[in-house]
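Participant: My questions will all concern the structure given below.
FYI, it's all coordinate maths here, none of it is from the lab. Remember, predicted model here, so these are calculated numbers, not experimental data. No Cβ is skipped: glycine too gets one built from the backbone with ideal geometry, and neighbour counts run over all protein chains shown.
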Amino acid sequence: MSSKVVQSVPAAMAEKTYEGLVPQQLLDIYRLMVLSRRIDDREILLKRQQKIHFQVSCAGHEALLVAAAVNLRAGYDWFFPYYRDRALCLALGVSPASQFLQAVGAAADPASGGRQMPSHWGSREHNIFTTSSPTGTQFLQAVGCAEAGRYFTHHPAADAKAPGDYREFKNVQHHPDEVTFVSTGDGATSQGEFWESLNTASLGKLPVLYVVEDNGYAISVPVKYQTPGGNISHLVANFPNFHFEECDGTDLLESFAAMRRAVQHIRSGNGPALVHGHVIRPYSHSLSDDDKLYRPEIERKQDVGRDPIARFQKFLIAEGILDPASIQKLQHEVDAEVHAAVDAALIAAFPRIDSYARHVYSEHLKPTAKHFDSAPAPEGGDRTMADLINKCLHDEMQRDERIVLFGEDVADCSQHEYLEDKKLKGKGGVFKLTSGLQRSFGPDRVFNSPLAEANIVGRALGMAARGLKPVVEIQFFDYIWPAMHQLRNELPLIRWRSNDTFSCPAVIRVAIGGYLNGGAVYHSQCGESIFTHTPGMHVVFPSNALDAAGLLRTAIRCDDPVLFLEHKRLYREPFGRAPYPGPEYMIPFGKARIWKEGKDATVVTYGATVPRTLQAAQRLEREHGISVEVLDLRTLNPYDFEAIADSVRKTNRVLIVHEDMLSWGYGAEIAARIGSELFDTLDAPVQRLAAKDVFVAYQPQMEDAILPQTADIFTAIQKLIAY
Ligand SMILES: Cc1ncc(C[n+]2csc(CCOP(=O)(O)OP(=O)(O)O)c2C)c(N)n1
Ligand SMILES: [Mg+2]
């Protein structure tokens, strides 16, 4: 808690305690609550004067939040706050000055450098993780953060820095009795991720403190229309290992006592806790909302009587701790502090406009660098892509104790004792890619997640924020969508939105693609362009065993999130097998592979259409003497435009082939760029060949018609040459 003391208590009073708090502490708390409200009031004024551009208040939530903060430790515990949590952040030490810097969008805003709205918290110093606007994404991240703390406690050697990979840039701190705080409104408890997180926190007895700030409304929707029975405490009550508290969150001492019991439960290692505080929302949802439109006057008037600051002030006066003169003095001091903070913010420099381009990816460790280029040291006979991915995971886990691996069915056996008894062989993934890893590295490094994809990605994000390297698996690309919120709005954005304060370089391995004959709609999808359209995440799509091994190692060692797409059909294909390349083999991102040189036409492709293109090209050469250059992009973000340009300048004709659907697909971007930058070199329009604009059908002949086949590629090249 901020130690600023402005009032002093009469000596006679100093002895008495209230829930263990001495009068001086109560005064400090009161001051923080008043300060928080004053900042809100001042921001509202600034918004009306158009000096700031958004305002959301903490008003009515102050008592509950300061009560939480005084039971926790800034820079020791971890915090995943909600946008209402000004009073919490103030009490943890986030200065009013920094809050106004964010409100004006100043370069010196320590939370985001002018990139995020006010009340979107973030402070490395205080362990306050970067906050976003989506309601509900914070829960699973907090769970992952708590798991990481526990992991480091159990693996004390894992926190060491190591030069040359992402660990060089991660200062790991952890404490055996640390708590991860996560807060929410009543409305956001309706999000599925809230419940997914309760499952995992409960199952793992994780040290997470949930605080539900129940102000009775989610914008205009009353809680009884949102939560069955209108009370979240009743619904969560049966989760095992939890400690539950329900309190009047406008009553400081009641809230403080509830928080203290909850934190005690967690620090003693008994599991998570949830504190449900009933608060009020006197200032509407935000400045863009007017609650008179949907709340009757009588209800709003009732809230006025429950104002936490007025209540606490009345209590302190009754106890003789405050008197009208000291209240006035305190308010003047608070006003002066706010004034000075506003004055400084209003003259603060804005970010350089072109700085928007910074910190999308790591600027210290680029996976495109020479550092990630090493020669293979081949050993033994040819191995499949599945073998070499498994081997790469094994080698990297051996090398780096921070790597944890989880996903659906990835463990050898959830009941580890059966493995130890050697009674069972183990599962190790539905495609067996992670086979044997739990046996080698134990159940706290390789484990099954619940059947919930957001759970996998959200937790991975929270772990990566703490310096772990989660390498997680999404069983089928077709089922990646429940994790979409984390994959679009969170994981790739962490570094940028926090202005390089936080980063989450997790690796998401995904089994993708069709050509399975029977895979049908929900086991055959591609869709990579949806992710290449999201800045902040690298997308890799290898076509063969050697590339998969080299690129996966780069993905694991680099300091950015990577979506690693593994084509199911290529896992055990005779095409592209290779000997084990050794434990240091790496391929930099953004370097295409030329499978076949040629002079008449270029085909740009990747993934499972690589072997099909090669077959077509070889036949064209054999039967028609046409010389086709085949380029395999290997990584889709970044991608090697230089290699494309070099080839197109030589052949003057280009076809882009991919398995994913044609319209708005990955090839559209490449084609557009070739058209715009290489127009003068072209002897024919840029051509694209891809799947039809439908999902993949079950019946094999229909599947064949939908996906691009070797014969289609053959014909498309012939046409291109004939133009
Ligand atoms: C995923 C998502 N959906 C919708 C919104 C828009 N939105 C912002 S706040 C809010 C209501 C939140 O209510 P509650 O959780 O009760 O928090 P409160 O604002 O009342 O403190 C909504 C719908 C959002 N930010 N994120
Ligand atoms: Mg609410």
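Participant: Residue 329: which lysines have alpha carbons under 26 Å from its alpha carbon, excluding same-chain residues fewer than 8 sequence positions away?
Facilitator: In chain and number order, the partners are 4, 16, 314.
Participant: A further question follows. Order of 292-303, 340-351 by packing, highest average Cβ count within 10 Å first? Can you show the working numbers first?
Facilitator: Numbers: 292-303: 11.4, 340-351: 15.5.
The densest-packed peptide leads the list: 340-351, 292-303.
Participant: Relative to the first principal axis of the alpha-carbon coordinates of the chain, what is the inclination of helix 453-465, with its axis defined by its Cα atoms, in degrees from 0 to 90 and to the nearest 10?
Facilitator: 70 degrees
Participant: When averaged across all projection directions, what area in nm² does the alpha-carbon convex hull of region 370-580 cover? Don't jump to the answer; show the numbers that get you there.
Facilitator: Values: hull surface 49.0 nm².
Its Cα hull, projected and averaged over all orientations, spans 12.3 nm².
Participant: Something else about it: Determine the dipole magnitude for region 370-580: charges of +1 sit on the beta-carbon of Lys and Arg, -1 on that of Asp and Glu, nothing else is charged, the reference point is the Cα centre, and the result goes in debye to the nearest 20. Write down the numbers at each step before the final one.
Facilitator: On the way: 25 positive and 26 negative charges, 13 e Å.
The calculation lands at about 60 debye.
Participant: OK, next. Size of the dipole of the chain about the Cα centre, Lys and Arg at +1 and Asp and Glu at -1 on the beta carbon, nothing else charged, in debye to 20?
Facilitator: On the way: 75 positive and 88 negative charges, 105 e Å.
Using Cβ point charges on Lys, Arg, Asp and Glu, the chain gives about 500 debye.
Participant: Would you please name the chymotrypsin sites (Phe, Trp or Tyr not before Pro) within region 45-91 that are DSSP coil residues with at most 14 other C-beta atoms within 10 Å of their C-beta?
Facilitator: Values: sites: 54, 76, 78, 79, 82, 83; in loops: 54, 76, 82, 83.
In loop regions of region 45-91 (DSSP not H, G, I, E or B), the sparsely surrounded chymotrypsin sites (Phe, Trp or Tyr not before Pro) are 76.
Participant: Order of 639-652, 366-379, 476-489 by packing, highest average Cβ count within 10 Å first? Write out the running numbers ahead of the final one.
Facilitator: Numbers: 639-652: 18.6, 366-379: 15.4, 476-489: 20.4.
Final packing ranking: 476-489, 639-652, 366-379.
Participant: From Cα pairs below 8 angstrom and at least 6 apart in sequence, can you work out the relative contact order of the chain, rounded to a whole percent?
Facilitator: Working: 1585 pairs, mean separation 85.8, N = 723.
This gives 12 percent for the chain.
Participant: How would you rank 382-392, 697-707, highest first, on the average number of other Cβ atoms within 10 Å across their residues? Kindly include the intermediate steps, with their values, before the conclusion.
Facilitator: Numbers: 382-392: 21.7, 697-707: 15.6.
Ranked from most to least packed, the peptides come out as 382-392, 697-707.
Participant: Go through 650/719; 425/469; 161/422; 568/599; 568/719; 161/366 and tell me which ones have a Cα-Cα distance over 25 Å in this structure. Before the final figure, lay out each step's value.
Facilitator: Details: 650/719 18 Å; 425/469 27 Å; 161/422 36 Å; 568/599 32 Å; 568/719 31 Å; 161/366 18 Å.
Going by Cα-Cα distance, 425/469; 161/422; 568/599; 568/719 fall outside the 25 Å limit.
Participant: Once you have the Cα-Cα distance between residue 319 and residue 349, take 0.36 nm times their residue separation minus that, and quote the gain in nm to one decimal.
Facilitator: Working: separation 30, 0.36 × 30 = 10.80 nm, distance 4.61 nm.
Difference between extended and current length: 6.2 nm.
Participant: How much net charge surrounds residue 252 when only other residues with a Cβ under 13 Å from its Cβ are counted (Lys, Arg +1; Asp, Glu -1)?
Facilitator: Details: positive: 31, 260, 306, 311, 314; negative: 19, 28, 62, 248, 251, 254, 307, 319.
Net local charge, residue 252 excluded: -3.
Participant: Please give the calculated 222 nm ellipticity per residue for the chain, where each DSSP H segment of at least 4 residues contributes -39500 (n - 2.57) and the sum is spread over every residue; nearest 500 deg cm²/dmol?
Facilitator: Per the formula, -11000 deg cm²/dmol.
Participant: What do you get for the angle between helix 666-677 and the principal long axis of the chain? Use alpha-carbon atoms, 0 to 90 degrees, nearest ten.
Facilitator: So the inclination is approximately 80 degrees.
Participant: Could you tally the net charge around residue 421, taking each other residue with its Cβ under 15 Å from the Cβ of residue 421, Lys/Arg +1 and Asp/Glu -1? Intermediate values should be presented prior to the final figure.
Facilitator: Details: positive: 422, 423, 425, 439; negative: 412, 417, 420.
After counting each charged neighbour, the total is +1.
Participant: Roughly what angle does helix 609-624 make with the longest principal axis of the chain, taking Cα atoms, 0 to 90 degrees, to the nearest 10?
Facilitator: On a 0 to 90 degree scale, this one is about 20.
Participant: In terms of the ratio Rg/(2.2 N^0.38 Å) built on C-alpha atoms, what value belongs to the chain? Present the calculation step by step, with values, prior to reporting the outcome.
Facilitator: On the way: Rg = 28.8 Å, N = 723, 2.2 N^0.38 = 26.8 Å.
Against the compact-globule rule of thumb, the ratio is 1.07.
Participant: Sum up the charges of everything whose Cβ sits under 12 Å from the Cβ of residue 351, counting Lys and Arg as +1 and Asp and Glu as -1, but leave residue 351 out. Don't skip to the answer; put the middle values down first.
Facilitator: Numbers: positive: 115, 352, 358; negative: 109, 354.
Local net charge: +1.
Participant: Restricting to bridges with both residues inside the chain, how much of the DSSP beta-bridge set is antiparallel, in percent to the nearest 5? The partial results should precede the final answer.
Facilitator: Numbers: 11 of 66 bridges.
Bridges in the chain are about 15 percent antiparallel.
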